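Worksheet for the structure shown next.
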Amino acid sequence: MKNHIKTIAFDADDTLWVNEPYFQEAEKQFCQLLENYLPQHSVSQELYRTEMKNLHLYGYGVKGFVLCMIETASRISNRTVSLELIDRIIAIGQELLQKPIELLPGVPETLEQLKGKYRLIVATKGDLLDQERKLKNSGLESYFYHIEIMSDKKVSDYQKLLEHLDCKPENFLMLGNSIKSDILPVLELGGYGGHIPYHVTWTHEQHEHNLKHDSFIELNSIDSILNYL
């Protein structure tokens, strides 16, 4: 791999900075608001069902999450949920959008080591305004040649990205915490993937099987990639 890589792409949420724990805390608050209608674990299951139903409409991000919370509250309350409770759900979402950026260990140091040696980019899913805000507030923006905020991370999405970058798959390395969206599509295209596990992963992004592939690396942390380059 060492001699081939020219472009290194980084996922953002839970790869460069903390994200999923904030979502899980917001979901916990939502489930507590609705516990008069259903047990909290059942509210969580209903919310996930709503998210999966609407994913093709809303994509990934806080705004879609808020709409799904409101829809779920309406459904499980049999359309009797109060406007006051809806306001509290909206407040949960607004708080989520204003969370501080907490960089994960080793991120700035690793980017500093790679800067100038490789073309560094961000390839992440989520809401455009939210991800732009997080990147700006992270202090990392200057490290990256290109920022790609993707509606999804399927093979076709990576194909478009590589074409835009004029980069061959064999010269491309994707680093991220999701096997499903950061690694498998890139391997299918003929690129390289490095998985950086995070202790919390959204249910939709979980991948249960052990992955074995010549172009796949399992890393302990983001700075571990320096040993392979």
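For the stretch 96-181, applying the loop criterion from DSSP together with a ceiling of 13 other beta carbons within 10 Å to the GluC sites (Glu not before Pro) yields GLU102.
Express in nm, to one decimal, how much length is gained between ASN3 and GLU163 on full extension, taking 0.36 nm for each residue of separation and deducting their alpha carbon distance. Display every interim value, and only then the final one.
On the way: separation 160, 0.36 × 160 = 57.60 nm, distance 2.10 nm.
Residue separation times 0.36 nm, minus the Cα-Cα distance, leaves 55.5 nm.
Computed from the C-beta positions of LEU211 and ALA91, the FRET efficiency with R₀ = 45 Å rounds to 0.65. Computed on the Cα atoms alone, the convex hull of the stretch 118-203 gives a volume of 105 cubic angstrom per residue.
Given the pairs LYS160/LYS212; LYS115/LYS160; LYS63/LYS154; LYS136/LYS212; LYS53/LYS99; LYS53/LYS134, which span a C-alpha to C-alpha distance of over 31 angstrom in this model? Before the final figure, lay out each step's value.
Details: LYS160/LYS212 26 Å; LYS115/LYS160 24 Å; LYS63/LYS154 21 Å; LYS136/LYS212 36 Å; LYS53/LYS99 27 Å; LYS53/LYS134 27 Å.
In this structure, LYS136/LYS212 lie more than 31 Å apart at Cα.
Summed over all non-identical Cα pairs, the Kirkwood treatment of the stretch 20-97 gives a radius of 12.3 Å. Here each label is just a point 7 Å from Cα along the line to Cβ, and for SER77 and TYR58 those points are 1.6 nm apart. So what is the relative contact order of the stretch 20-97, in percent, for Cα pairs below 8 Å that sit 6 or more residues apart? 36 percent.
Between ASN220 and LEU103, residue separation times 0.36 nm minus the direct Cα-Cα distance comes to 40.5 nm.
For the chain, what's the relative contact order in percent, using C-alpha pairs closer than 8 Å and at least 6 residues apart?
Values: 324 pairs, mean separation 61.7, N = 229.
Relative contact order comes out at 27 percent.
For the chain, the longest principal axis of the C-alpha atoms and the axis of helix 128-138 are separated by about 60°. Can you check what the net charge comes to around CYS167, using other residues whose Cβ is under 10 Å from the Cβ of CYS167 (Lys, Arg +1; Asp, Glu -1)? Surrounding charge for CYS167 is 0. Entry note, the stretch 87-212: relative contact order of 17 percent, from Cα contacts under 8 Å with a spacing of 6+ residues.
Give me the number: length gained by fully extending ILE147 to TYR118, i.e. 0.36 nm times residue separation minus the C-alpha to C-alpha distance, one decimal in nm. Numbers along the way, then the final one.
Details: separation 29, 0.36 × 29 = 10.44 nm, distance 1.49 nm.
Answer, rounded to one decimal: 9.0 nm.
The numbers here are math on the coordinates, done by the rules we state, and not lab data. Remember, it's a predicted structure, so these values are computed and weren't measured experimentally. Cβ: placed from backbone, ideal geometry, glycine included. Neighbour counts: every protein chain shown.
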